[in-house]
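Enquirer: One structure is given below, represented as C-alpha cells, and several questions about it will come after.
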C-alpha cells in the first residue's frame with residue numbers, strides 16, 4: 001500500500017467520523033418526530049455517503065492501488081445526490097424554470113461528464129451516474145437566484161470561473177511540456193480559489209443552497225484531481241458535511257416544512 | 001452441478017399447495033417467500049449472463065455485479081406489491097421480509113447442495129451471515145419505503161436512494177467475504193450487527209407510533 005493510499009485511507013476514516021456525527025443526531029430527531037422532510041432526506045443521503053466511504057475503505061484495504069472494475073459505490077453517491085436534490089426541491093421557494101439555468105446546468109455538467117469519460121474511458125458509468133448532477137446543479141442555481149444568496153456580479157464571476165476551469169481541462173488534452181504544466185497549475189489554483197470562496201460564503205450564510213453548492217463543488221474538485229490535490233479536495237468535502245448539517249438544522253428552524 | 005430449477009420445484013410445490021389452506025396474512029408471507037425463491041433463480045440467470053457477456057471473472061461478478069442484480073430483482077416485486085395492490089407502508093414489511101427470506105433460503109439450499117453440508121460451523125455461519133444479509137437489506141428497504149411514504153416523498157429519487165442503499169450494503173458484504181481472514185469475519189458479523197441496529201430503530205419507531213395513538217385516543221376520550 002502506497003503512502004498516498006494510507007493518507008487517503010485516513011482521510012476517508014475522518015470523513016466517516018464526520019458523517020456518523022451528523023447521522024446520529026438526525027436519526028434521534030427522526031425517532032422523536034422532530035425532523036423535517038429535508039433533514040430526513042439529508043440523513044438518508046448521508047447514510048448513502050457513509051456506505052460509499054465504507055465500501056472504499058474496504059476496497060482500498062483489500063485490493064490496494066487497483067482500479068475497481070465496476071464501482072458499486074457510485075450507486076450510493078448517485079443516490080446521495082438524488083436524495084439531496086429531492087430535499088432542495090422541497091426547499092425551493094420559487095418554482096420558476098428559466099431556460100438559461102437549465103442550459104447552464106446541462107452544459108456544465110455535460111462538459112464535466114465528457115471530461116470524466118476522457119479520463120476514465122467508462123462512458124456508460126460516467127454518463128448514467130453523471131445525470132443526477134445536472135438536476136442537482138440546476139436546483140442549486142435556481143435556489144441561489146430565488147433566495148438571492150449571492151449578488152448577481154458574484155454569480156456571474158463564479159459561472160465564468162467554472163467555465164474557464166472546464167475549458168482549461170480540455171486544453172490539457174492537446175498540450176504538453178511547460179504549457180501543460182502551467183495550465184494544470186492554473187486549474188489547481190482556480191479550483192481551490194473557488195472552493196475557498198464558496199466555502200467562506202457557506203460559513204457566512206449557512207443557507208442550504210450555498211452549503212450544498214460547496215459540497216457539490218468539492219465533489220467535482222475530487223473528480224478532477226488525483227494524488228495530493230484529491231486529498232485536499234476530499235478534506236474540503238469533509239468540511240462541507242457539518243456545514244450542510246448546520247444549514248439543514250437552520251432550514252428546519254426557519255420554515256414550516258414538516 | 002446443481003439443478004436449481006428442480007430444487008426450486010421441490011421446495012415450491014408444498015408451499016404453493018399450502019397457500020390454499022392459509023389465511024390472508026399467512027398466505028401473503030408464503031407467496032412472498034415463493035417469489036423470493038423465484039427471484040433468486042432469475043438473479044442467478046442474469047448474473048450468469050453478465051459473467052459471460054462482460055468478461056469479468058466469476059469472483060468479480062459476485063463482488064461487483066451480483067449485488068446490483070440481486071437487490072434490483074428483490075426490489076421489483078416489492079414495488080409491484082406497493083403499486084398494484086396499493087398496500088400501505090406497514091403492509092409492505094411482511095412482503096419484503098418474505099421475499100428476503102425466500103431468496104436467502106433458496107440461495108443457501110443451492111450452496112449447500114453444491115458444496116456439501118458436513119461442516120456444521122460453516123453452515124451456521126453461512127445461514128446467519130448471507131441469510132441475515134438478504135433479510136437486513138429487505139427490512140431496510142421496507143423501512144425506507146415506509147419513511148418516504150410517511151413524508152409523502154414517493155419519488156423516483158427516494159426509490160433509487162433506498163434501492164442503492166441496499167445495493168451498496170450487499171456489495172460491501174460481498175467484498176468483505178471475498179477475502180479470507182479478518183475481512184471475512186467482519187463481513188459475517190456485519191448483517192447481524194445491522195439487524196440489531198435496525199431492530200432497535202424499528203422498535204423505537206413502533207413505540208413512538210403506539211404512544212402517539214394512545215395520546216390521540218386519550219384526547220378523543222377526553223372530548
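Enquirer: Within region B:34-88, how many residues are within 14 Å of chain A (Cβ to nearest Cβ) and either under 21 Å from residue B:133 (Cα atoms) or touching a strand residue (DSSP E or B) at 6+ places or on another chain (Cβ under 7 Å) (or both)?
Expert: Number of matching residues: 17.
Enquirer: What is the one condition in (1) under 14 Å from the mean Cα position of the chain (by Cα); (2) without any contact (Cβ under 8 Å) to a residue 12 or more places away in the chain that residue A:244 does not satisfy?
Expert: (2)
Enquirer: If we keep just the residues of region B:175-195 that are in a helix (DSSP H, G or I) and facing chain A (nearest Cβ under 7 Å), which is nearest to residue A:83 (Cα to Cα)?
Expert: B:175
Enquirer: A further question on this structure: Quick one: residue A:93 ticks every box in (1) without any contact (Cβ under 8 Å) to a residue 24 or more places away in the chain; (2) more than 11 Å from chain B (Cβ to nearest Cβ); (3) touching a helix residue (DSSP H, G or I) at 6+ places or on another chain (Cβ under 7 Å) bar one, so which box is it?
Expert: Residue A:93 satisfies all of (1) without any contact (Cβ under 8 Å) to a residue 24 or more places away in the chain; (2) more than 11 Å from chain B (Cβ to nearest Cβ); (3) touching a helix residue (DSSP H, G or I) at 6+ places or on another chain (Cβ under 7 Å) except (1).
Enquirer: Six or more apart or on different chains, Cβ atoms under 7 Å: show the pairs whose first residue is in region A:26-45 and facing chain B (nearest Cβ under 8 Å) and whose second is modelled with pLDDT of 80 or more and not in a helix (DSSP H, G or I).
Expert: Pairs found: none.
Enquirer: Which one of B:172, B:141 is at pLDDT 85 or above and within 13 Å of chain A (Cβ to nearest Cβ)? Please lay out each step first, then the result.
Expert: Values: B:141 fails: at pLDDT 85 or above.
One residue alone meets the criteria, B:172.
Enquirer: Separate question: Would you confirm, using the coordinates I've provided, whether residue A:116 is closer than 24 Å to residue A:7 by Cα, buried (at least 17 other Cβ atoms within 10 Å of the Cβ), away from chain B (no Cβ under 12 Å) and modelled with pLDDT of 85 or more?
Expert: yes
Enquirer: Related question: Being closer than 27 Å to residue A:139 by Cβ and either in contact (Cβ under 8 Å) with a residue 24 or more places away in the chain or over 18 Å from the mean Cα position of the chain (by Cα) (or both) narrows it down to one residue among A:186, A:195; which is it?
Expert: Unique residue meeting the criteria: A:195.
Enquirer: Same structure again: Residue B:31: touching a residue at least 60 places away in the same chain (Cβ under 8 Å), touching a helix residue (DSSP H, G or I) at 6+ places or on another chain (Cβ under 7 Å) and either within 25 Å of residue A:58 (Cα to Cα) or in a helix (DSSP H, G or I) (or both), yes or no?
Expert: Here the answer is yes, as residue B:31 does meet what is asked.
Enquirer: Can you tell me which residues in region B:202-223 are under 30 Å from residue B:168 (Cβ atoms), out of contact with any helix residue (DSSP H, G or I) (no Cβ under 7 Å at 6 or more places or on another chain) and either at pLDDT below 75 or surrounded by 11 or more Cβ atoms within 10 Å (Cβ to Cβ) (or both)?
Expert: Once the filter is applied, which keeps residues that are under 30 Å from residue B:168 (Cβ atoms), out of contact with any helix residue (DSSP H, G or I) (no Cβ under 7 Å at 6 or more places or on another chain) and either at pLDDT below 75 or surrounded by 11 or more Cβ atoms within 10 Å (Cβ to Cβ) (or both), region B:202-223 yields B:206, B:207, B:209.
Enquirer: Cβ-Cβ under 8 Å, sequence separation 6+ or interchain: first residue in region B:68-83 and over 14 Å from residue B:140 (Cα atoms), partner outside any helix (DSSP H, G or I). Which pairs?
Expert: The qualifying pairs are B:68/A:72; B:81/B:87.
The values are calculated or read from the model by the stated rules, or taken from the named source; none is laboratory data. Everything quoted here is computed from the prediction, not taken from an experiment. Glycine gets a Cβ as well: all are built from the backbone with ideal geometry, and neighbour counts include every protein chain shown.
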